[in-house]
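Enquirer: Sharing a structure below in structure tokens format, with a few things to ask.
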Amino acid sequence: MWSSSFDLHCHTTHSDGSLSVEELADAMQQQSVRVWSLTDHDTIAGWDEAKVAAAERGIVFVPGVELTCDVELPWDEGILASNARHRPPSSWHLLAYFPYNPIAEGLKKFEEWLAPLHEDRVPRMLEMIDKVNAFGMAINAEDVMSRAKGSVGRPHLALAMMDAGYVNSMNEAFEKWLGDGRPCNVERPKPSLAEATALVHAAGGITSLAHPRYYGVEYEALIQHLKASNVDAIEAFHRSHSDEDRHRLWMLAEQYGLGVTVGSDFHSFNGGHRPGHMPVIVKSLPRLISSA
Ligand SMILES: [Zn+2]
Ligand SMILES: [Zn+2]
């Protein structure tokens, strides 16, 4: 059976989305989403609010988070270009989903592990701003921080540089200064898929690789790697995927015994985006989701 009532990937002002949890819950309800997971980047700060907002609207809530992990396989320039990706990936994103009431002990460990990954964003940004200043570009840290409603990130710094006239575009800011390997970037070690997945499993949860099209890796090799890392599913039905991507990933997932997940990756209404409206085959969803 196919269903369009699941949306398992979206962001609020707790990370880089533009809607509050309440506003996003309204949007989910308006778009007839019945099973909803909130997956802000590296934070679970929105869960309590979302549980209440979902219950008030008769929506089933699945606690989720999108974890920033290391790049684990080399990318192919040709595959990236054919997917209109102009920069090599700086990280892989792993979606984690939990039972409504996770295993308490496991969740405690997970939260302790997650906190520094999240809190490190500010010190890292301050180091990057120092580097930008050292190159003669006067950028004020408060200005950058004030642009972020939730977690601060490189796009906020890029916008500040653009507004100050040091670069002409976001792209130029990344290509010249802030991208991976560029002079003002500050790298931090990121967790592996296997490490993150083990912690999620201990809390009774499961993981799914987000937007697999973005990494420039051939799908079968990618799925074999997920299997080896104990990842449970792959986001075959991501908003950016063509029908062909969805079908091939779904078939490969079946072949290798992985689940599939579905997500709009909704951040804001800009550009005509909206949550929901993505058909997915229910029996291929991980049990944690299909039985929610
Ligand atoms: Zn992502
Ligand atoms: Zn996302």
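The values are calculated or read from the model by the stated rules, or taken from the named source; none is laboratory data. Note that this is a predicted model, so its numbers are computed, not measured. We place every Cβ from the backbone using ideal geometry, glycine too, and count neighbours over all the protein chains shown.
Enquirer: Report, ordered by the first and then the second residue, all pairs with beta carbons closer than 9 Å, sequence separation of six or more or different chains, a first member in the stretch 102-125 that is over 15 Å from E66 (Cα atoms), and a second member that is in a helix (DSSP H, G or I) and of a type in the set (K, R).
Expert: M125/R154
Enquirer: Take the conditions crowded, with 21+ Cβ neighbours inside 10 Å, modelled with pLDDT of 95 or more and either farther than 18 Å from G257 by Cβ or more than 15 Å from ligand 2 (Cβ to nearest atom) (or both) and apply them to I223. Does it pass?
Expert: Yes; evaluated as a whole, the condition is true for this residue.
Here is a yes/no grid of residues against (1) within 16 Å of ligand 1 (Cβ to nearest atom); (2) among the charged types (D, E, K, R); (3) more than 30 Å from F237 (Cβ to Cβ):
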site	(1), (2), (3)
A160	no, no, yes
S169	no, no, yes
A173	no, no, yes
D180	yes, yes, no
C184	no, no, yes
L209	yes, no, no
Y214	yes, no, no
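Enquirer: Conditions: (1) surrounded by 14 or more Cβ atoms within 10 Å (Cβ to Cβ); (2) away from ligand 1 (no atom under 16 Å from the Cβ); (3) of a type outside the set (V, I, T); (4) modelled with pLDDT of 95 or more. R124 meets all but one. Number of the miss?
Expert: (4)
Enquirer: Name, by its number, the condition in (1) under 21 Å from the mean Cα position of the chain (by Cα); (2) farther than 29 Å from P74 by Cβ; (3) not in a helix (DSSP H, G or I) that does not hold for H156.
Expert: Every condition holds for H156 apart from (3).
Enquirer: Does D265 fit the bill of being surrounded by 17 or more Cβ atoms within 10 Å (Cβ to Cβ), more than 18 Å from L94 (Cβ to Cβ), among the acidic types (D, E) and in contact with a strand residue (DSSP E or B) (Cβ under 9 Å, 6 or more places away or on another chain)?
Expert: No: the conditions fail for D265.
Enquirer: Kindly check whether there is at least one residue in the stretch 199-219 that is among the basic types (K, R) and surrounded by fewer than 19 Cβ atoms within 10 Å (Cβ to Cβ).
Expert: For the stretch 199-219, residues among the basic types (K, R) and surrounded by fewer than 19 Cβ atoms within 10 Å (Cβ to Cβ): absent.
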